[in-house]
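The values are calculated or read from the model by the stated rules, or taken from the named source; none is laboratory data. In this text the structure is predicted, and so the values were computed from the model without any measurement. In this analysis, Cβ positions are derived from the backbone assuming ideal geometry, glycine residues included, and neighbour counts consider all displayed protein chains. Accessible surface areas use protein heavy atoms only, side chains included; no ligands, DNA or RNA. Shrake-Rupley method; radii C 1.70, N 1.55, O 1.52, S 1.80 Å.
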Amino acid sequence: MILTDLQPTADDIAGDVLAGLSMTPKRLPSKYFYDARGSQLFEQITRQPEYYLTRVELALLDASMPAIATAVAAHAHVVEYGSGSGRKTHRLLEGLDDPVAYTPIEISKTALLASVGRLADAFPGVEMLPVCADFTHPVPLPQPSRGTGHTLVFFPGSTLGNFLAEDAKRLLRSMRVTMGPRGRALVGIDLDKDPVLIEAAYNDAAGVTAEFTLNLLVRLNRDIGSDFDVSAFVHRATYSRERMRIETHLVSQRAQDVHLAGRSFHFDAGEAMQVEYSHKYTDHSFATLIADAGLRVVERWNDPQDWFGLRLLAP
Ligand code: AVI
């Protein structure tokens, strides 16, 4: 198996962090949550009772797989944006008609190699073409050695929701290019619902989500030499009904100065730094978003409670 390695460098990360700390209010990009520990913690989040997203999407994928396999042509090259643990991919590769190749694009090399290793054992007939890269930038795709039907972009988990509308549209446009004129994209979206349920999912009682959020500062201190006092920040996640999104902040518990690359950034006591958005969707808001990217919904599946949806998109 050949790994294409385009992992962000410390300079890439420091550049993004310096830009974010210079903004008012301050912000940090959520893509940097996923170092090895962050990917592990995210995996633990997906198993928390409050975090319904993964559980409901897995059941929905199982229930809809026969219909998905019918809607997607045989011999697909599956390209996944952000591979995670591979649990959903396993079900997809198992259910599709003779998939030829699988290209996961994942920012965390440890998580990528672990999941692709497991999938390679389970699917010896599927060519594994892993790419370690930040998929928010254009990524040159490896070409499968067997001829393929068409490309199926797989983007589960409502990861699309972690992007602001303009960035989500840019990503969807780049997916449209990746899938080509005959390709399809299977996208998971978390649906708008009772805010109590949504807020609980991002504030689990065991505190795993809080640890996941704070790990961002731990990894920045290690990887780019910043000096955030991690113990002086707390996790805060609230649902904005108006914007239909979870807004996650790290709130400084005291006045402090953080240093990075010879610069100093002051935090007031109580100052909130924005670190993640998790947008939720209605059919209407999702259709509007993808239309701007030149895509349309050709099939839709929801779980029985309308908590989570899978959408098959075409150019
Ligand atoms: C990966 N992504 C879809 C997760 C979400 O629900 O926004 C990341 C996450 N953040 C906190 N909990 C889970």
Just to be sure I understand: with springs between alpha-carbon atoms less than 10 Å apart, which residue in Ile68, Ile45, Ile224 has the highest mean-square fluctuation in the Gaussian network model of the chain?
Ile224
Estimated inter-spin distance, Ala67 and Arg87, nm [label 7 Å along Cα→Cβ]
2.3
On the accessible surface of the stretch 198-315, probed at 1.4 Å, how many percent belong to carbon and sulfur atoms?
48
The stretch 91-105 and the stretch 238-282: distance between their alpha carbon centers, rounded to Å:
38
Length gained if Glu166 through Asp229 is fully extended, taking 0.36 nm per residue and subtracting the Cα-Cα distance, is 19.4 nm
Count the lysine pairs in the chain whose Cα atoms lie under 24 Å apart, taking only pairs 8 or more positions apart in sequence or on different chains.
13
Mind checking the alpha-carbon convex hull of the stretch 222-263 and giving the volume per residue in Å³?
113
What's the extension gain from Val196 to Ala10 if we count 0.36 nm per residue and subtract their Cα-Cα distance?
63.1 nm
Considering only protein heavy atoms, what per residue accessible area in square angstrom results for the chain with a 1.4 angstrom probe?
42
Taking trypsin sites (Lys or Arg not before Pro) as exposed when in a DSSP loop with at most 16 other Cβ atoms inside 10 Å, the chain has its longest clean stretch at 48-145
Angle, helix 165-179 long axis vs. longest principal axis of the chain, Cα atoms, 0 to 90°, nearest 10?
30
At a Förster distance of 41 Å, what's the computed FRET efficiency of Leu18 paired with Ala122, Cβ-Cβ distance as r, to 0.05?
0.45
Given points 7 Å out from each Cα along the Cα-Cβ axis, report the Leu141 to Arg300 separation in nanometres with one decimal.
2.6
Taking the C-alpha atoms of the chain, convex hull volume expressed per residue in Å³:
123
How large is Rg over Rh for the stretch 131-261, taking Rg from the Cα atoms and Rh as the Kirkwood inverse mean of 1/r across Cα pairs?
1.05
